[in-house]
Amino acid sequence: MKRYSAFAVAREALRGNAGWQRAWGAPEPRPAYDVVIIGAGGHGLATAYYLGKRFGITNVAILEKGWLGGGNTGRNTTIIRSNYLQDASAAIYEKARSLYETLSQDLNYNIMFSPRGVMMLAQTHHEVRGYQRTAFANNLQGVETEFIGPQRVKELCPIIELKGPRYPVMGALWQPRGGTARHDAVAWGYARACSDMGMHIIQQCEVTGVRSEGGKVTGVETTKGPIGCSKLGVVVAGHSGVVAEMAGFRLPIESVPLQALVSEPIKPCMDVVVMANTVHGYMSQSDKGEMVIGGGTDGYNAYTQRGSFHHLEETVRALIETFPMISRLKMLRHWGGIVDVTGDRSPILSKTPVEGVFINCGWGTGGFKAIPGSGWGFAELMAKGHSPLTAEFGLDRFTEGRFIDESVAAGVAH
Ligand code: FAD
Ligand code: PYC
């Protein structure tokens, strides 16, 4: 694959852009691969990439029922932070954040990482104590965060109203190296690099069954025919329960809609990301100028990629009290995704009861930020059977009662 560079842009500008190559191939499936990954979202693609890059495993197919990046990876609001409470979480989210810093260079693909800083507002005494505790924990974990007072909040984000009608802003948990990245570019960058290593990304190929013999996986049934494999990674976010059922086991997980919306583009007015979890809203400004907005999950299980209208109203109300200057903005579009939520709001990266089947799911409302770290650790788990990064996130924690409670750090009401 030819490298992208300023020189390549200049060269192609002079010859009518005729020399660009396809970013990834469109192969027909082979009868079998060493590894099959179900789901070409960020986590599935990153897993495949690190299988190749770190372990030299490239006889890999990534099967996607729709188009790559068309699930939650292409629907999220792109917030990246690693300010979680528990050590196991801080390790994997901080690994991801640090990989994001150099991902554009690593993939030779501009993912537009923007470490503009993320703040989570504290609007009750309880939240002040909670976020101070997180800041202390983060300092011990080597994650750079601090608890800041209201005046600093206002300096960093002048459009905030500190004395809201319901809850005052009492401070914030501030992560200066948190930020955003372009979500599609993360999927596209990994896809291009996987394709370059000879892996097959097969779109419009839905997995409809999992084959096993003597408790060991042998392949999958798909809408493009059966495909054999000796290792299978299930990385399908909101459909994890459905695919697990095909393989014959159950997951402690629920699928719920989460939606987001963007406004018309306006001049730059906000160069940090703000999450206001007590009132249930968060906002950042995209490079195009749109205000990117989201709130909590819907309160019922569903598989529709849209959300309920009353939730939008609640989110917009919350943001207008936090940022009164947006009250006259027009909203351009809204959309939803299906997120997979566990009881302790932490992911599952695990072996399963079927030998050779590995599951990566439960990222819920917050898995975009984790994509590189998750792929790094899950690839190691699939290649070697163990990874220090994923060890705490096994399915066995639900039977052993070793929960990794991140309900506060999740940041999104659900
Ligand atoms: P996905 O990107 O959903 O990929 C799974 C893929 O599996 C899909 O493409 C799907 O089509 C495919 N698939 C499913 N079933 C099958 C099958 N049977 N056969 C073949 N393919 C199948 N996280 C953050 O960190 N920050 C945020 O700001 C943020 N905001 C969010 C806002 C919204 C509105 C939503 C919906 C989510 C948000 N998230 C956020 C969460 C984040 O988007 C997800 O955790 C993450 O994208 C999950 O990635 P994934 O690769 O696991 O799943
Ligand atoms: O996990 O930071 C997050 C997040 C923000 C919006 C949705 N998820």
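Take the conditions open to solvent by 60 Å² or more (accessible area, probe 1.4 Å) and either within 15 Å of ligand 2 (Cβ to nearest atom) or more than 17 Å from the chain's Cα centre (by Cα) (or both) and apply them to MET382. Does it pass? Can you show your working first?
Details: open to solvent by 60 Å² or more (accessible area, probe 1.4 Å): no; either within 15 Å of ligand 2 (Cβ to nearest atom) or more than 17 Å from the chain's Cα centre (by Cα) (or both): yes.
So MET382 fails the test.
Just the residues that are aromatic (Phe, Trp, Tyr) and under 17 Å from VAL128 (Cβ atoms), please, taken from the stretch 139-196. If you could, list the steps in order and put the result at the bottom.
Looking only at the stretch 139-196, we keep the residues that are aromatic (Phe, Trp, Tyr), and these are 147, 167, 174, 188, 190.
Residues satisfying the conditions are PHE147, TYR167, TRP174.
Can you say whether GLY52 is within 16 Å of ligand 2 (Cβ to nearest atom), touching a helix residue (DSSP H, G or I) at 6+ places or on another chain (Cβ under 9 Å) and in the same structural domain as ALA383 (by TED's automatic domain parsing), as far as the supplied structure shows? I'd like the intermediate steps shown before the answer.
Working: within 16 Å of ligand 2 (Cβ to nearest atom): no; touching a helix residue (DSSP H, G or I) at 6+ places or on another chain (Cβ under 9 Å): yes; in the same structural domain as ALA383 (by TED's automatic domain parsing): yes.
It is false that GLY52 is within 16 Å of ligand 2 (Cβ to nearest atom), touching a helix residue (DSSP H, G or I) at 6+ places or on another chain (Cβ under 9 Å) and in the same structural domain as ALA383 (by TED's automatic domain parsing).
Is there any pair linking a residue in the stretch 327-339 that is in the same structural domain as GLU264 (by TED's automatic domain parsing) and assigned to a strand (DSSP E or B) to one that is modelled with pLDDT of 95 or more and among the charged types (D, E, K, R), with Cβ under 8 Å and at least six apart or on different chains, and which?
Partner pairs satisfying both residue conditions: MET331/GLU264; LEU332/GLU264; LEU332/GLU290; TRP335/ARG75; GLY336/ARG75; GLY337/ARG75.
Of all residues in the stretch 349-379, which are assigned to a strand (DSSP E or B) and out of contact with any helix residue (DSSP H, G or I) (no Cβ under 6 Å at 6 or more places or on another chain)? I'd like the intermediate steps shown before the answer.
Restricting attention to the stretch 349-379, the residues satisfying the condition of being assigned to a strand (DSSP E or B) are 349-351, 355, 357-361.
Once the filter is applied, which keeps residues that are assigned to a strand (DSSP E or B) and out of contact with any helix residue (DSSP H, G or I) (no Cβ under 6 Å at 6 or more places or on another chain), the stretch 349-379 yields SER350, LYS351, GLU355, ILE359.
Determine whether the stretch 330-353 contains at least one residue that is within 16 Å of ligand 2 (Cβ to nearest atom), aromatic (Phe, Trp, Tyr) and more than 21 Å from VAL243 (Cα to Cα). Let's see the steps before the verdict.
The first filter runs over the stretch 330-353 and keeps only residues within 16 Å of ligand 2 (Cβ to nearest atom), leaving 334-342, 344-347.
In the following step, the residues that additionally are aromatic (Phe, Trp, Tyr) were identified as 335.
Narrowing the set further to residues that are more than 21 Å from VAL243 (Cα to Cα) leaves 335.
Taking every residue of the stretch 330-353 in turn, at least one turns out to be within 16 Å of ligand 2 (Cβ to nearest atom), aromatic (Phe, Trp, Tyr) and more than 21 Å from VAL243 (Cα to Cα).
Could you list, in sequence order, the residues of the stretch 187-222 that are without any contact (Cβ under 8 Å) to a residue 24 or more places away in the chain and within 15 Å of GLU64 (Cα to Cα)?
GLU221 - this is the single residue of the stretch 187-222 that is without any contact (Cβ under 8 Å) to a residue 24 or more places away in the chain and within 15 Å of GLU64 (Cα to Cα).
Any residue in the stretch 90-102 that's modelled with pLDDT of 95 or more: show its pairings with residues that are of a type in the set (Phe, Trp, Tyr) and surrounded by 22 or more Cβ atoms within 10 Å (Cβ to Cβ) at Cβ separation under 7 Å, as long as the two are six or more apart or on different chains.
ALA90/TYR84; TYR93/TYR84; LYS95/TRP376; LEU99/TRP376
Please specify each residue of the stretch 305-316 satisfying the condition of being touching a Gly at 6+ places or on another chain (Cβ under 8 Å) and either free of Cβ contacts under 8 Å to residues at least 12 places away in the same chain or assigned to a helix (DSSP H, G or I) (or both). It would help to see each step written out before you state the result.
Filtering the stretch 305-316 for residues touching a Gly at 6+ places or on another chain (Cβ under 8 Å) gives 305-307, 311-312, 314-316.
If the condition is that a residue be touching a Gly at 6+ places or on another chain (Cβ under 8 Å) and either free of Cβ contacts under 8 Å to residues at least 12 places away in the same chain or assigned to a helix (DSSP H, G or I) (or both), then HIS311, LEU312, GLU314, THR315, VAL316 are the ones that fit.
Quick one: in the stretch 354-365, which of the residues that are under 14 Å from the mean Cα position of the chain (by Cα) and open to solvent by 10 Å² or more (accessible area, probe 1.4 Å) is nearest to ligand 2 (Cβ to nearest atom)?
Initial filter on the stretch 354-365 (under 14 Å from the mean Cα position of the chain (by Cα)): 360-365.
Checking the rest, the ones that are also open to solvent by 10 Å² or more (accessible area, probe 1.4 Å) come to 363-365.
Values: TRP363: 9, GLY364: 8, THR365: 4 Å.
Among those residues, the one meeting the criterion is THR365.
For the stretch 312-321, check the following and say yes or no: at least one residue is open to solvent by less than 20 Å² (accessible area, probe 1.4 Å), away from ligand 2 (no atom under 13 Å from the Cβ) and hydroxyl-bearing (Ser, Thr, Tyr).
no
Is it the case, given these coordinates, that PRO324 is away from ligand 2 (no atom under 16 Å from the Cβ) and not acidic (Asp, Glu)?
On the way: away from ligand 2 (no atom under 16 Å from the Cβ): yes; not acidic (Asp, Glu): yes.
So PRO324 fits the description; yes.
For the stretch 264-277, which positions are touching a residue at least 40 places away in the same chain (Cβ under 8 Å) and surrounded by fewer than 19 Cβ atoms within 10 Å (Cβ to Cβ)? Reasoning before the result, please.
Going through the stretch 264-277, the residues touching a residue at least 40 places away in the same chain (Cβ under 8 Å) turn out to be 264, 266, 269-277.
GLU264, ILE266, CYS269, ASP271 - these are the residues of the stretch 264-277 that are touching a residue at least 40 places away in the same chain (Cβ under 8 Å) and surrounded by fewer than 19 Cβ atoms within 10 Å (Cβ to Cβ).
Quick one: in the stretch 210-242, which of the residues that are in a helix (DSSP H, G or I) and open to solvent by less than 10 Å² (accessible area, probe 1.4 Å) is farthest from TYR282 (Cα to Cα)?
As a first pass, look at the stretch 210-242 and keep what is in a helix (DSSP H, G or I): 237-242.
After this cut, where a residue has to be open to solvent by less than 10 Å² (accessible area, probe 1.4 Å) as well, the list is 238, 240.
Details: GLY238: 22, SER240: 27 Å.
In this case the residue turns out to be SER240.
The values are calculated or read from the model by the stated rules, or taken from the named source; none is laboratory data. Because the structure is predicted, anything quoted here is derived from the model rather than measured. As a convention, Cβ positions derive from the backbone with ideal geometry for all residues, glycine included, and neighbour counts pool all protein chains shown. Accessible surface is based on the protein model in full, side chains and every heavy atom, while ligands, DNA and RNA are left aside. Shrake-Rupley method; radii C 1.70, N 1.55, O 1.52, S 1.80 Å.
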